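The values are calculated or read from the model by the stated rules, or taken from the named source; none is laboratory data. Fair warning: this is a prediction, and the values are worked out from it, not measured in the lab. Here the Cβ positions follow ideal geometry from the backbone for every residue, glycine too, while neighbour counts run over all protein chains shown.
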Amino acid sequence: MVNKVTLTQFIIEQQRGLPDASGTFSMLLNNIVTACKEISHLVNRGNLVGVLGSAGSENVQGEVQKKLDIITNDIMVNALNWTGHLAGMASEEVDDIITIPAQYPKGKYLALFDPLDGSSNIDLNLAVGTIFSVLRCREGVDPAAEDFLRKGAEQVCAGFVLYGPSTMMVLTTGHGVNGFTLDQDIGEFILTHPNMRIPEESSEFAINMSNQRFWEPPVQRYIDECLQGEEGPRRKNFNMRWIASLVAEVYRILTRGGVFLYPFDLREPSKPGKLRILYEANPMAFIIEQAGGACSSGRERILDIKPTGIHQRVPLVLGSKNEVERIVAYHQLG
Ligand code: F6P
């Protein structure tokens, strides 16, 4: 029989390699995993358990909340607030930071998450996911919003779960990227995609073309050159994909390369891009870089940006290194 490595075993073995590790971080990850298994189950049951459709409310970004946005946020919060491993949390679905209830001990980590990314896909039975990021926190403090406003380069762990035909968790703690598939029969994530690497070259791009008239010239140029195919300066044909679900796009890029852009656009200059830095761009940037890819706003490495607000947005370009570097170079030309 083939020896299966469970996510729990993988995390504990990684921890053994770190002389100062107390096990707290492994336990925190296990709690995140438990929450994601519960979300996977709910997403899979869909309207059999009445969880689809709109909740009739809006989140802090003015986006219509789905019932599952709220339910999955509660699942994450309730799976993590009692553990004693966290000093606080931040979620896409909650305006302010989430404090740890007074009856529970506080720990030395902060968890930031988007409990159900791509939730506009949920009623269509298309791929959605959970994205999470873990930061260290000064021990014994009651964190304020400023304690969360840290560069992505400071993350100790980032991951996402893709609820697709299979449920998959992709994880990095800064030592490469590994993918695990949920074995529904035994309720465990199994290591199925060790050491994921992104091909440097690619001929596939993902962008919401309906926003084309609002893009800046460097992005117009890059996409225009891709569309010209063999007859254009790139001298090869490109393929396009748009799933409208960041987790699914990043998973595709980790698997077969490519580039994803949600660039700055001129619709609302006060909102630079669509995706949020702390719980979308940063964790994805950590994963993509650890898999050999690159991630930029077009002008700056995502992991070097100092955020100024919990729900701050950022233009996002990520994927195969050579393509991202080309897009950054076009931005530098002006
Ligand atoms: O909220 C984030 C998100 O749903 C991402 O998962 C996805 O990449 C993007 O928004 C889709 O944007 P649009 O609605 O413009 O297609």
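Results for (1) under 16 Å from the mean Cα position of the chain (by Cα); (2) modelled with pLDDT of 90 or more; (3) in a helix (DSSP H, G or I); (4) not assigned by TED's automatic domain parsing to the domain that holds LEU275, shown as yes or no for each residue.
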residue	(1), (2), (3), (4)
ASN31	no, yes, yes, yes
LYS37	no, yes, yes, yes
VAL43	no, yes, yes, yes
GLN65	no, no, no, yes
ASN78	no, yes, yes, yes
TRP82	no, yes, no, yes
ALA90	yes, yes, no, yes
GLY107	no, yes, no, yes
PHE113	yes, yes, no, yes
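Quick one: in segment 228-248, of everything that is within 16 Å of the ligand (Cβ to nearest atom) and over 18 Å from GLY298 (Cα atoms), which residue is farthest from the chain's Cα centre (by Cα)? Across segment 228-248, the extreme among qualifying residues is MET240. When segment 216-247 is filtered for residues that are crowded, with 21+ Cβ neighbours inside 10 Å and touching a helix residue (DSSP H, G or I) at 6+ places or on another chain (Cβ under 8 Å), the ones remaining, listed by number, are PRO218, VAL219, TYR222, SER245, LEU246. Among the residues of segment 269-293, those identified as without any contact (Cβ under 8 Å) to a residue 60 or more places away in the chain, more than 14 Å from the chain's Cα centre (by Cα) and away from the ligand (no atom under 13 Å from the Cβ) are PRO269, SER270, PRO272.
Among the residues of segment 298-334, just one is free of Cβ contacts under 8 Å to residues at least 40 places away in the same chain and in a strand (DSSP E or B), namely ARG301. For segment 92-103, the tally of residues that are hydrophobic (A, V, I, L, M, F, W, C) and part of a strand (DSSP E or B) stands at 1.
Residue check: is TYR251 out of contact with any helix residue (DSSP H, G or I) (no Cβ under 7 Å at 6 or more places or on another chain) and either within 14 Å of the ligand (Cβ to nearest atom) or touching a residue at least 60 places away in the same chain (Cβ under 8 Å) (or both)?
It is true that TYR251 is out of contact with any helix residue (DSSP H, G or I) (no Cβ under 7 Å at 6 or more places or on another chain) and either within 14 Å of the ligand (Cβ to nearest atom) or touching a residue at least 60 places away in the same chain (Cβ under 8 Å) (or both).
In the set (1) surrounded by 14 or more Cβ atoms within 10 Å (Cβ to Cβ); (2) over 14 Å from the mean Cα position of the chain (by Cα); (3) within 16 Å of the ligand (Cβ to nearest atom), the condition left unmet by GLY257 is number (3).
For segment 109-145, a tally of residues being under 24 Å from VAL51 (Cβ atoms) and in contact (Cβ under 8 Å) with a residue 12 or more places away in the chain returns 21. Within the option set SER270, SER202, being at pLDDT below 95, touching an Asp or Glu at 6+ places or on another chain (Cβ under 7 Å) and assigned to a loop (DSSP other than H, G, I, E, B) holds for one residue only, SER202.
Would you pick out the residues in segment 157-190 that are within 20 Å of ARG16 (Cα to Cα) and in a loop (DSSP other than H, G, I, E, B)? Correct list: THR173, GLY174, HIS175, GLY176, VAL177.
Against the conditions (1) over 13 Å from the mean Cα position of the chain (by Cα); (2) crowded, with 24+ Cβ neighbours inside 10 Å, THR308 satisfies every one except (2). Whenever a residue of segment 53-64 is closer than 20 Å to LEU124 by Cβ, its partners that are among the acidic types (Asp, Glu) and not in a loop (DSSP other than H, G, I, E, B), lying with C-beta atoms within less than 8 angstrom and at least six residues away or across chains, give the pairs GLY53/ASP123; ALA55/ASP69; ASN59/ASP69; VAL64/GLU58.
Just to be sure before I move on: is GLY50 touching a Lys or Arg at 6+ places or on another chain (Cβ under 9 Å), over 18 Å from SER245 (Cβ atoms) and surrounded by fewer than 17 Cβ atoms within 10 Å (Cβ to Cβ) in the structure I sent?
Judged against the criteria, GLY50 is a match.
Would you point out the residue of segment 121-148, among those that are surrounded by 15 or more Cβ atoms within 10 Å (Cβ to Cβ) and small (Gly, Ala, Ser), that is nearest to the ligand (Cβ to nearest atom)? Across segment 121-148, the extreme among qualifying residues is GLY129. Taken as a whole, the structure leaves PHE148 outside the set of residues that are in contact (Cβ under 8 Å) with a residue 40 or more places away in the chain and outside the structural domain of ILE100 (by TED's automatic domain parsing).
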